[in-house]
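Reading through the structure tokens given below for one structure.
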Amino acid sequence: MKIFLSITFLGYTLLSFARSSIGAINTLKPNQHLLDDGRTLVSPGETFVLGFFSFPDSLSRYVGIWLKDDPKRKVVWVANRDQPIFDSSGVLTITPTGSIVVTSQQGSEPSWSSNSSTTSGSPVLHLLDDGNLVVKDGNKEGYVWQSFDYPFDTMLPGMLLGLNNETEERRYLTSSNYKCEVDISGPPQLVVRQGSKISFRSGPWNGVRFSGQHRMREASSRFKLTLVSNSTSVFYSFPNNEENMMSRIVLNATGILQYLAWNKGKGEWDVRFSFPADECDEYKKCGPNGICNSHMSPICRCPTGFVPKVPREWEKREWGGGCVRKTPLNCSTKVKFQKFPLVKLPDKSKLLHDHTKMFSEGCKQGCLQNCSCTAYAQTDIGCLRWHGDLLDIRECRISILNPENEPEAEEENQDQLPLYDWLTIVSATDHFSYSNKIGEGGFGSVYKGTLPLGQEIAVKRLSKDSGQGIVEFKNEVIFISKLQHRNLVGLLGCCIHGEERLLVYEYMCNGSLDQHLFKQARGTSIDWQKRFNIIAGIARGLLYLHRDSRMRIIHRDLKASNILLDDEMTPKISDFGLARTFGSGQLEGITKRIMGTFGYMSPEYATDGVFSTKSDVFSFGVLVIEIVSGEKNRGFCFADHEQTLLGHAWKLWNEGRPLELMDASMEKPVPTSEILNCINIGLLCVQHKPEDRPTMANVVSMLDSEGLELSQPKQPGFFTVVDETDLAAWISRSTTEVTMTTLEAR
């Protein structure tokens with residue numbers, strides 16, 4: 001059976017029909033015709049339609065399928081793609097033997113035929129709601145013929161892409177002179193070829209996604225490929241994982257694979273992600289043994305133990321020659337493996353695939369026992385071993401063999417964050433335009449940006465005069481990259497360009513907490529339930545830092561502007577530039593360089609430079625009082641006394657009027673017992689002496705337990721108003737350097 005290939009049709013918009021639609025039918029039988037007069041074949045649920053159309057700037061007519069609600073009518077399948085009709089006299093019929101035929105009324109020879117046949121002589125043509133055009137033989141099960149067996153540039157949910165070794169049947173996408181197919185010469189993977197040359201390789205399927213395409217995570221909730229592999233067949237398929245959402249995979253005219261989802265609101269196909277997406281997706285971009293990282297400059301590097309084969313070419317950023325070993329391997333060389341935790345597995349060149357699920361040590365020993373083996377990887381699809389040069393690597397786990405005397409890469413480099421290119425950040429933020437500025441603090445400005453794939457980011461551009469030097473910058477990169485908690489902001493990467501230092505975070509659409517607490521008019525403030533959830537979330541995030549993370553961390557700059565809120569108002573602690581780690585058994589640290597924000601610093605830190613988990617607890621207590629009251633501790637002013645917000649809360653507590661602290665703009669009614677509990681917890685956290693404050697574990701327990709009787713607080717620290725200039729002078733008498741941040745807006 002002939003599979004018709006074609007020039008590309010992806011991305012073209014169908015012309016409007018010359019005549020208004022005069023009707024639609026649901027099925028077609030041998031005694032019926034579909035004329036090129038505006039009639040269409042419609043699926044039962046009116047999801048897809050089949051009819052005649054023309055491409056822009058062309059009078060030729062084709063038969064194709066498109067989404068009914070798509071005003072641009074972008075086709076997902078074309079019948080006579082190689083043999084158009086040159087006028088509007090086209091006719092589509094189904095013969096008594098079951099063949100679909102497209103002909104012109106002006107000619108006797110068919111323009112296109114499916115060459116299918118039935119046995120009963122009662123064929124019926126159906127268009128299904130998944131976009132599949134099928135021929136059924138009367139009431140018999142199954143299909144005599146289906147369009148899903150003959151894709152061109154579009155893969156719809158339910159289609160299979162791959163091959164059957166017994167029948168030699170291959171299903172692949174074609175567009176212009178590009179072809180996307182399943183390569184099974186090694187572990188199954190998708191490859192895009194331009195003619196005979198590979199232009200893109202997905203990397204092997206690992207059961208969740210293609211191992212070389214970590215960016216697929218952003219669409220993993222809706223897009224989940226499945227691999228059907230047995231002794232005779234290897235096929236990829238994907239379902240619609242979201243009800244009432246239509247999606248498709250497309251190979252466009254320039255060789256780009258795109259995952260598209262139908263946006264009902266906008267009435268168009270949205271591009272969710274594309275491959276290749278950057279320079280490192282270009283096949284063998286860095287040559288043999290070279291590693292590509294699109295977030296670094298230059299993008300190509302040689303792994304430890306390797307050097308550029310032609311250094312002069314690498315200086316010109318011509319990387320095709322790749323890398324060679326400093327010390328050649330031989331069977332008598334003592335060797336060790338160098339691990340690369342986050343790389344795209346090399347291509348199949350001289351690759352051996354052991355399907356057995358052996359332990360990593362067994363995979364390693366198999367490589368050591370063969371002196372031509374250069375690398376191995378233990379994966380979900382078995383043990384992979386490479387022999388010879390390693391091709392098409394980008395920065396999933398691989399160990400490369402090196403001579404024993406070759407120095408190892410530094411450990412911290414093995415978990416390093418992506419380094420974003422300066423031009424990428426400049427473009428994403430529109431040259432750090434004022435309209436994209438979403439905040440400003442003592443260490444610099446924060447800008448909203450959008451990466452080429454559509455991912456929204458927040459970019460902190462450190463001020464040259466901020467006082468946050470390279471030490472603080474490294475702190476933030478190292479700390480956040482090693483921390484994973486739903487109440488901590490995610491750091492995506494960083495950028496160093498000359499004197500510029502940038503941190504790239506996940507974007508929090510609801511901004512910082514201070515914007516919601518201190519800048520809201522009556523009737524627009526956040527309700528108590530959200531406030532309580534924010535308090536509890538911050539407490540859990542701090543508990544993770546103090547007790548449950550890989551490192552015991554003191555934040556040292558907890559404040560409302562450093563609490564970011566996502567689309568569900570979930571709080572995330574940010575800004576780890578001042579954070580410090582504690583070793584096992586360490587209870588406190590001392591510094592002569594006091595940095596922080598006036599109003600949130602604990603007394604012992606502000607006066608003596610002593611910090612501990614209890615100094616974070618003090619800052620948390622200030623936050624709790626601010627969240628309950630909607631007032632700032634710094635700059636608080638009350639008519640009948642000159643106390644801080646903490647002093648005001650303490651005064652109301654002693655007088656038996658603590659509920660008067662509550663933000664009057666909150667909607668009523670409110671759970672007074674829960675608010676009283678939070679005020680009590682807040683005052684306990686801001687006790688003058690660290691030993692009188694609870695731990696964050698105690699705080700979380702107090703927040704989670706209803707009816708728990710709490711202890712009575714004592715007088716808080718810093719409860720009277722202190723002028724910032726006087727405070728700095730006071731502190732400087734016992735320390736050598738003071739830097740206090742007073743800007744809080746972000």
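Answer yes or no as to whether VAL617 is farther than 24 Å from GLU440 by Cα, modelled with pLDDT of 90 or more, over 29 Å from the mean Cα position of the chain (by Cα) and buried (at least 19 other Cβ atoms within 10 Å of the Cβ). The answer is yes for VAL617. Residues of the stretch 158-173 that are out of contact with any Cys (no Cβ under 8 Å at 6 or more places or on another chain) and surrounded by 18 or more Cβ atoms within 10 Å (Cβ to Cβ): MET159, LEU160, GLY162, LEU163, ARG171.
All conditions but one from (1) at pLDDT 90 or above; (2) of a type outside the set (Lys, Arg); (3) touching a helix residue (DSSP H, G or I) at 6+ places or on another chain (Cβ under 6 Å) apply to LEU684; the one that does not is (3). Here PRO157, PRO151, PRO96 are screened, and the one residue that is in contact with a Pro (Cβ under 6 Å, 6 or more places away or on another chain) and closer than 16 Å to ARG248 by Cα is PRO157.
Out of SER525, SER549, I need the residue that is closer than 19 Å to SER619 by Cβ, surrounded by fewer than 24 Cβ atoms within 10 Å (Cβ to Cβ) and among the hydroxyl-bearing types (Ser, Thr, Tyr). Which one?
SER549
The residues on offer are TRP319, TRP269, and the sole one that is more than 30 Å from SER185 (Cβ to Cβ), touching a strand residue (DSSP E or B) at 6+ places or on another chain (Cβ under 8 Å) and modelled with pLDDT of 90 or more is TRP269.
Condition (residue is in the same structural domain as ILE100 (by TED's automatic domain parsing), in contact with a Gly (Cβ under 8 Å, 6 or more places away or on another chain) and part of a strand (DSSP E or B)) applied to the stretch 20-33: is it met by at least one residue? Looking through the stretch 20-33, none of the residues is in the same structural domain as ILE100 (by TED's automatic domain parsing), in contact with a Gly (Cβ under 8 Å, 6 or more places away or on another chain) and part of a strand (DSSP E or B). Note on the stretch 525-555: residues that are in contact with a Ser or Thr (Cβ under 7 Å, 6 or more places away or on another chain) and either more than 30 Å from SER463 (Cβ to Cβ) or modelled with pLDDT of 85 or more (or both) amount to 5.
Here's the yes/no breakdown for (1) touching a Ser or Thr at 6+ places or on another chain (Cβ under 9 Å); (2) modelled with pLDDT under 90; (3) of a type in the set (Val, Ile, Thr):
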position: LEU92; (1), (2), (3): yes, no, no
position: THR95; (1), (2), (3): yes, no, yes
position: PRO110; (1), (2), (3): yes, yes, no
position: SER113; (1), (2), (3): yes, no, no
position: SER122; (1), (2), (3): no, yes, no
position: VAL134; (1), (2), (3): yes, no, yes
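The residues of the stretch 289-327 that are in contact with a Ser or Thr (Cβ under 9 Å, 6 or more places away or on another chain) and closer than 25 Å to CYS180 by Cβ amount to a single one, SER294.
Taken as a whole, the structure places THR103 among residues that are modelled with pLDDT of 90 or more, assigned by TED's automatic domain parsing to the domain that holds SER60, surrounded by 19 or more Cβ atoms within 10 Å (Cβ to Cβ) and not aliphatic (A, V, I, L, M).
Taking the stretch 39-153 and the strands (runs of 3 or more DSSP E) fully enclosed by it, the elements with 3 or more residues that are over 39 Å from the mean Cα position of the chain (by Cα) are at 90-94, 100-104, 123-127, 133-137.
The values are calculated or read from the model by the stated rules, or taken from the named source; none is laboratory data. This is a predicted model, so every value here is computed, not measured. Using ideal geometry, Cβ is built from the backbone for each residue, glycine included, and neighbour counts are taken over all protein chains shown.
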